[in-house]
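S.K.: Pasting a structure here, questions to come.
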Amino acid sequence: MNLKQYFIYLAVMAVVTYLLRAVPFVLLKSKLKSPFWRSFLAYVPYTVLAAMTVPAIFYSTDSKLSGACALVAAVVASLFGAGLVGVAAVACVTVLGVDGIMLLL
Amino acid sequence: MKFTKGVKDGLPIGIGYFAVSFSFGIAGSKFLTWPLVTLISMTNVTSAGQFAGLQIMADAAGTFVEMAIATFFINLRYSLMAISLSQKVAPSFGTGKRLLLAMGITDEIYAVSMIQKEPVTPIYFLGLFTLPYAGWSLGTLTGAVCGEILPAIVTNALGVALYGMFIAIVVPQMKVHKPTMIAVAIAIACSLAFKFVPALSGVTVGFAIIICALIASLIGAALFPIKDDESLDAKNEAGEAK
């Protein structure tokens, strides 16, 4: 890949991503009246994030085991009231610990 | 809804982004110089989309059309979030401000915006976007410069921070709102099906996420409609007290 190709790739990525965000945001000026669609949109963030996390977390580390442990540890930490950074830190430390033990075994 | 409150609410996201984009910087440094890797983060501000884009750039056979299609499907969820966020913003959020700040619609910034009790103002949203943008750009820069100094075991561990943050957003809501738990369970079951059912395995990851979120949210809305904003806001009081 040369520099010219890089900048075309970059422009394609950036423009497509921007339009996906800006077009619906600008076009929808009024509040939706329908309780069904309002409920639908209320569920979207949670279902999107859940679908992004499982099963991807199992494949994001060296072994499925460390990914699975990170998932469990993060859910437990969150249930005990840890915030965004706390839960993320617990997940990181868990992966480091499990992958570290696996390396030693 | 002040700028400073936005900055404060954005701090944990910024720290998390620094860690995640650090691993993006490391991945990119394998075949791009650090200014080029950093520029991707500064112009995109996406996680999964950038990682996929990097793979396409690295692949000699990757075409510009493929880049456009992959970016479109992986990032289509931002359109869903933009629609949802448009219902939550204050009337002062005019067209010009929407065009300028649309770039700030990311998974976490969107999620934090949605759990606010008041309508989201442009100045609050700008504050909320500031530290995550700085964290995302500087994390990429640091990761790309550090390159291969850190061993894979450390970068793998840092990479999981992204999912930790997602879990931290979803779990508290599931705890207090049973229908959300059911909707999330449907989304996960659907997501697993795309991964493990052979007939569905041809669907790209980005498209699978959209289908899963649509199915789960439609079922949630059909079976458990939310009467008013109160029922969904009540859940986040603990989160907001932080």
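The values are calculated or read from the model by the stated rules, or taken from the named source; none is laboratory data. Predicted, not measured: the structure shown is a model, and the values here were computed from it. No Cβ is skipped: glycine too gets one built from the backbone with ideal geometry, and neighbour counts run over all protein chains shown.
S.K.: Somewhere in segment A:43-55, is a residue out of contact with any helix residue (DSSP H, G or I) (no Cβ under 6 Å at 6 or more places or on another chain) and in a helix (DSSP H, G or I)?
M.R.: no
S.K.: Quick check on B:PHE51: is it in a helix (DSSP H, G or I), touching a Leu at 6+ places or on another chain (Cβ under 8 Å) and not charged (D, E, K, R)?
M.R.: For B:PHE51, the condition - in a helix (DSSP H, G or I), touching a Leu at 6+ places or on another chain (Cβ under 8 Å) and not charged (D, E, K, R) - is not met.
Table: residues versus (1) buried (at least 21 other Cβ atoms within 10 Å of the Cβ); (2) on the phi > 0 side of the Ramachandran plot; (3) touching an Asp or Glu at 6+ places or on another chain (Cβ under 9 Å).
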residue: B:PHE22; (1), (2), (3): yes, no, no
residue: B:GLY53; (1), (2), (3): yes, no, no
residue: B:ASP59; (1), (2), (3): no, no, yes
residue: B:GLU66; (1), (2), (3): no, no, yes
residue: B:ILE69; (1), (2), (3): no, no, no
residue: B:ASN75; (1), (2), (3): yes, no, no
residue: B:MET81; (1), (2), (3): yes, no, yes
residue: B:LEU85; (1), (2), (3): yes, no, no
residue: B:THR95; (1), (2), (3): no, no, no
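S.K.: Would you be able to say whether some residue in segment B:33-43 is within 17 Å of B:TYR163 (Cα to Cα) and in a helix (DSSP H, G or I)?
M.R.: No, segment B:33-43 contains no residue that is within 17 Å of B:TYR163 (Cα to Cα) and in a helix (DSSP H, G or I).
S.K.: Here is a further query. Among B:THR140, B:THR130, B:THR63, which is the only one that is among the hydroxyl-bearing types (Ser, Thr, Tyr), under 18 Å from B:PHE31 (Cβ atoms) and under 20 Å from the mean Cα position of the chain (by Cα)?
M.R.: That would be B:THR140, the only listed residue that is among the hydroxyl-bearing types (Ser, Thr, Tyr), under 18 Å from B:PHE31 (Cβ atoms) and under 20 Å from the mean Cα position of the chain (by Cα).
S.K.: I'd like to verify a number: residues in segment B:160-205 that are farther than 29 Å from B:PRO12 by Cβ and either polar (S, T, N, Q) or touching a Leu at 6+ places or on another chain (Cβ under 7 Å) (or both), how many?
M.R.: The qualifying residues number 4.
S.K.: For the structure I just gave you, tell me whether A:LEU20 is within 24 Å of B:GLY135 (Cβ to Cβ), part of a helix (DSSP H, G or I) and either within 7 Å of chain B (Cβ to nearest Cβ) or not polar (S, T, N, Q) (or both).
M.R.: In short, yes.
S.K.: Condition first: part of a helix (DSSP H, G or I), under 11 Å from B:ALA161 (Cβ atoms) and without any contact (Cβ under 8 Å) to a residue 24 or more places away in the chain. Now tell me which residues in segment A:58-85 satisfy that.
M.R.: A:ALA74, A:LEU84, A:VAL85
S.K.: Which number in (1) of a type in the set (A, V, I, L, M); (2) in contact (Cβ under 8 Å) with a residue 12 or more places away in the chain; (3) within 7 Å of another protein chain (Cβ to nearest Cβ) marks the one condition that B:LEU36 misses?
M.R.: Going through the list (1) of a type in the set (A, V, I, L, M); (2) in contact (Cβ under 8 Å) with a residue 12 or more places away in the chain; (3) within 7 Å of another protein chain (Cβ to nearest Cβ), B:LEU36 breaks only (2).
S.K.: Would you pick out the residues in segment B:157-189 that are surrounded by fewer than 24 Cβ atoms within 10 Å (Cβ to Cβ) and farther than 20 Å from A:GLY86 by Cβ?
M.R.: Residues satisfying the conditions are B:HIS177, B:LYS178, B:PRO179, B:MET181, B:ILE182, B:ALA185, B:ILE186, B:ILE188, B:ALA189.
S.K.: For segment B:67-77, indicate whether the set of residues that are at pLDDT 80 or above, under 28 Å from B:CYS212 (Cβ atoms) and not in a helix (DSSP H, G or I) is non-empty.
M.R.: Taking every residue of segment B:67-77 in turn, at least one turns out to be at pLDDT 80 or above, under 28 Å from B:CYS212 (Cβ atoms) and not in a helix (DSSP H, G or I).
S.K.: Quick test of your reading of the structure: B:TYR133 fulfils all but one of (1) more than 11 Å from chain A (Cβ to nearest Cβ); (2) outside any loop (DSSP other than H, G, I, E, B); (3) surrounded by fewer than 20 Cβ atoms within 10 Å (Cβ to Cβ). Name the failing condition by number.
M.R.: Going through the list (1) more than 11 Å from chain A (Cβ to nearest Cβ); (2) outside any loop (DSSP other than H, G, I, E, B); (3) surrounded by fewer than 20 Cβ atoms within 10 Å (Cβ to Cβ), B:TYR133 breaks only (3).
S.K.: Right, something else. Take B:PHE73 and tell me if it is within 19 Å of the chain's Cα centre (by Cα), more than 9 Å from every other protein chain (Cβ to nearest Cβ) and touching a residue at least 40 places away in the same chain (Cβ under 8 Å).
M.R.: Against the criterion (within 19 Å of the chain's Cα centre (by Cα), more than 9 Å from every other protein chain (Cβ to nearest Cβ) and touching a residue at least 40 places away in the same chain (Cβ under 8 Å)), B:PHE73 qualifies.
S.K.: Also, I was wondering about something else. Of the conditions (1) modelled with pLDDT under 80; (2) over 30 Å from A:PHE80 (Cα atoms); (3) not basic (Lys, Arg), B:PHE194 fails just one. Which one is it?
M.R.: Going through (1) modelled with pLDDT under 80; (2) over 30 Å from A:PHE80 (Cα atoms); (3) not basic (Lys, Arg) one by one, B:PHE194 breaks only (1).
S.K.: I've got another one for you. Can you tell me which of (1) more than 7 Å from chain B (Cβ to nearest Cβ); (2) more than 21 Å from B:VAL184 (Cβ to Cβ); (3) part of a helix (DSSP H, G or I) is the one A:PHE25 doesn't meet?
M.R.: Condition (1) is where A:PHE25 drops out.
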